[in-house]
């Protein structure tokens, strides 16, 4: 493998890792918005997708965060 190919693949891997981190961060912000009263229609509108698509994309993160928040508060 050439040095150029190795460098390009390292950069691709780094970009992929950053994309995963940003996807997780987006999910956390959606969860916070949901906790603050946003509907799935609101989330969908913000992302230019339907409310059903927004739910499918982010519901697991939102549920996980809500569960952690409730558990952390002792409820």
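The values are calculated or read from the model by the stated rules, or taken from the named source; none is laboratory data. All values derive from a computational prediction rather than experimental measurement. Neighbour counts are summed over all protein chains in view; Cβ atoms, including those assigned to glycine, are modelled from backbone coordinates with ideal geometry.
Annotations for the structure displayed:
- Qualifying residue in region 9-19 (condition: within 13 Å of the chain's Cα centre (by Cα), loosely packed, with under 11 Cβ neighbours inside 10 Å and in a helix (DSSP H, G or I)): yes
- Residue within region 31-39 that is farther than 11 Å from residue 62 by Cα, surrounded by 10 or more Cβ atoms within 10 Å (Cβ to Cβ) and at pLDDT 95 or above present: yes
- Restricting the first member to region 1-21 and to residues that are modelled with pLDDT under 95, and the second to residues that are part of a helix (DSSP H, G or I), the beta-carbon pairs closer than 9 Å and six or more apart or on different chains are 1/9.
- Hey, residue 45 surrounded by 12 or more Cβ atoms within 10 Å (Cβ to Cβ) and modelled with pLDDT under 95 or not: no
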